[in-house]
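**Student:** I have a structure I would like to understand better, so I am pasting it below and will then ask my questions one at a time.
The values are calculated or read from the model by the stated rules, or taken from the named source; none is laboratory data. Since we're looking at a predicted model, the values are computed, not measured. FYI the Cβ positions are ideal-geometry reconstructions off the backbone, even for glycines, and counts take in every protein chain you see.
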Amino acid sequence: MHGSLRIYRTESFHPGNVDRFRMQEIDDTVFHLLISDGIVVDFRAAFMPETLESMRIQRILTSYQLQRILMESDDYPYFIAVTSHSISDWKASILQSILDILRIKTYYRGCRIDMNIIGERDIHELYMGSTKVAGRKAHTEGIFRWGELH
């Protein structure tokens with residue numbers, strides 16, 4: 001069975017997105033939270049206890065580390081939170097490679113992956129595609145509003 005890949009952008013990190021991601025996982029009791037530099041979270045205060053029990057947290061320091069983690073680890077679901085500032089420092093070839101790894105991992109290995117890019121729009125959207133989904137809720141400055149359909 002194929003997994004799903006969802007890449008989206010928000011202005012800031014919202015622990016509720018991680019909780020919703022965990023609650024959507026029926027088969028797996030464990031998931032990975034990969035988090036980049038620049039994101040500060042008090043895990044005990046931000047997450048529900050059930051989420052903390054099933055979460056495997058790892059800090060992403062470099063693009064190469066993210067590639068290695070995705071290629072060498074298991075097929076449990078991944079929630080990747082990375083700042084747009086970090087991504088804009090990565091080479092274009094590395095961004096394309098990471099996107100290819102994400103696609104392979106979801107399609108061939110059935111792994112579910114959510115990638116939350118946090119911060120301003122940047123050059124990464126040229127390689128990873130638009131992070132706006134038409135007709136769905138768009139998160140802007142802490143207020144949910146409906147995105148335009150056309």
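**Student:** Counting just the residues of the stretch 26-52 that are loosely packed, with under 15 Cβ neighbours inside 10 Å and closer than 23 Å to residue 110 by Cβ, which one comes out modelled with the highest pLDDT? Spell out how you get there, then give the answer.
**Tutor:** We begin by selecting, within the stretch 26-52, every residue loosely packed, with under 15 Cβ neighbours inside 10 Å; these are 26-30, 37-38, 40, 42-45, 48-50, 52.
From the residues that got through so far, the ones that are closer than 23 Å to residue 110 by Cβ too are 26-30.
Values: 26: 61, 27: 62, 28: 64, 29: 78, 30: 88.
So, considering only residues that are loosely packed, with under 15 Cβ neighbours inside 10 Å and closer than 23 Å to residue 110 by Cβ, the one modelled with the highest pLDDT is 30.
**Student:** OK, next. Output the number of the condition that residue 62 fails; it satisfies all remaining conditions of (1) surrounded by 14 or more Cβ atoms within 10 Å (Cβ to Cβ); (2) in contact (Cβ under 8 Å) with a residue 24 or more places away in the chain.
**Tutor:** (2)
**Student:** Among residues belonging to the stretch 83-102 that are within 14 Å of residue 61 (Cβ to Cβ) and of a type in the set (Ser, Thr, Tyr), point out the one that is modelled with the lowest pLDDT.
**Tutor:** Checking each candidate, the answer is 86.
**Student:** To continue, here is another question. Failed condition for residue 131, given (1) at pLDDT 90 or above; (2) under 14 Å from the mean Cα position of the chain (by Cα), with all others met?
**Tutor:** Tallying (1) at pLDDT 90 or above; (2) under 14 Å from the mean Cα position of the chain (by Cα), residue 131 fails exactly one: (1).
**Student:** While we're here: Out of (1) without any contact (Cβ under 8 Å) to a residue 40 or more places away in the chain; (2) closer than 29 Å to residue 88 by Cα, the odd one out for residue 49 is which?
**Tutor:** The number of the failed condition is (2).
**Student:** Would you mention how many residues in the stretch 7-16 are surrounded by fewer than 16 Cβ atoms within 10 Å (Cβ to Cβ) and either in contact (Cβ under 8 Å) with a residue 24 or more places away in the chain or over 20 Å from residue 51 (Cα atoms) (or both)? Can you show your working first?
**Tutor:** Of the residues in the stretch 7-16, the ones surrounded by fewer than 16 Cβ atoms within 10 Å (Cβ to Cβ) are 11-12, 16.
Now drop any that are not either in contact (Cβ under 8 Å) with a residue 24 or more places away in the chain or over 20 Å from residue 51 (Cα atoms) (or both), which leaves 11-12.
The qualifying residues number 2.
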